[in-house]
Structures are given as C-alpha cells and as structure tokens.
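What follows is a short report on a single structure.
A short reminder: the numbers here are calculations on the coordinates, not readings from a lab. All values reported here derive from a predicted model rather than from experimental measurement. Ideal geometry is used to build each Cβ from the backbone, glycine not excepted, and the neighbour counts take in all protein chains shown.
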Amino acid sequence: MRLIIMGPPGAGKGTQAKFIAEHFKIPAISTGDIFRANVSEGTELGLEAKRFMDAGEYVPDEVTNLMVRNRIDEPDAVNGFLLDGYPRTLAQVEELDGMIRFTGHQLDAVVCLTVDQEEIVGRLLQRAQVEGRADDTEDVIRRRQEIYLEQTEPLIDVYSKRGIVVEVDGMGDVDDVTQRVFAALDVLPES
Ligand code: ADP
C-alpha cells in the first residue's frame, strides 16, 4: 500500500496518518517530523532546513527529495508507506513518481483532508502552546497557508486526474475523521 495524506497546515494529517499507517502496517513518513528531528539533533540537514521552516517557507526540493528517497529505501518501507507532508510541490510529485516507478509499484490513493482555514489558525495557535513549535506563530502560520494554497493545493488536481484522490472532511472529532478516512478507503475500522 502506497499512500499520501494531504491537506493544509493544521488539517490533522499527522494525527490521521498514525491511524492509517497502523491499520495497513506501513510506516507513516512525515517530512516535517524528520526535519524537526534533524533540527533538534543539530545535524547538517537540520541546520539547513531550520531557516526555511522558521520562516514558514518550503525547504528546497533537492534537500527534501533526497531525504525522502533515503527514507523510503529503508527496509520497513519496502511493502509500502504513507507519506505525510510530501510531495508539496510539482517537482516533488515528479520525483516521487520516479521513486515509486523504480520499485515497480504504484501509488494507491491520496487522502485529502478538507478543513476550514480560519478555524485551523486557532487550532495551530493552540498546538503552539502545547508543543511549542517554532513555526506556530500567527504570521508564520498564515505564510504556511499561503504557500500551501500557492504550491501544494494544485497537486490535488494532478492526482485527481489520475483518479486516486479520496476527499475526506477533516473537521470535527479526531475519531469521526478517522472513521471517514477508513470509510473512504473502503476498509473496516479497527475495533
Ligand atoms: P504543517 O503543519 O505546516 O503541515 P509540517 O510539520 O508538515 O507542517 O512541516 C513543517 C515544515 O517543514 C514546513 O513548513 C516546511 O518548512 C518543511 N517541510 C516539510 N515537508 C516539506 C516538503 N515536502 N517540502 C519542503 N518543505 C517541507
């Protein structure tokens, strides 16, 4: 199973990604998490990514692509994976196509979480207090939303044309959203 979860910043991708990945017994690969881990470990990659992340900008494609390529080459991802936060640009879509083609597999579905942008700003500001993420200030959140609309939302069209987009209403309780995701993917929920 090779899946992507998409949606604007704060849509709840990471939360839902965990449940989906558990169900299919595949790793949930979050580029944001990998970048944050590198930042806190002070690696070269982390140092490079940090200045972009702090500004709400995307990390350059070459850096991100290489990181994802290395991650999906790891043994736990041979039978599939769920990508959270990748691809985010058209160049990344092409790169991912190449990576998957190389393995002789295909992308099964792209789960798109739809949310109300304004409500999301509140959600993210709340998360800022709980998790203390450096990029969860209101200015940076709005910048991330802007870039999402500009660079990432158009990818939904690209995948829609391939007939693999599954749209899910991402508003409401976490559990309800999970049920909707499973229903949309046509699988029975875990009890
Ligand atoms: P969000 O809550 O905005 O979805 P993420 O945790 O997915 O945040 O990502 C945090 C930051 O990491 C992004 O704002 C960006 O700087 C960087 N990042 C994550 N994934 C990518 C990607 N695919 N391409 C470029 N930059 C990325």
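Per-peptide packing, taken as the mean over residues of other Cβ atoms within 10 Å, places 30-42, 77-89, 121-133 in the sequence 77-89, 30-42, 121-133 from highest down.
At 1.567 mPa s and 4 °C, plugging the Kirkwood radius over alpha-carbon pairs of the chain into Stokes-Einstein gives what diffusion coefficient in µm²/s? Don't jump to the answer; show the numbers that get you there.
Working: Rh = 17.0 Å.
Once the numbers are plugged in, D ends up at 76 µm²/s.
Reducing region 10-58 and region 151-183 to their Cα centroids gives an inter-centroid distance of 19 Å.
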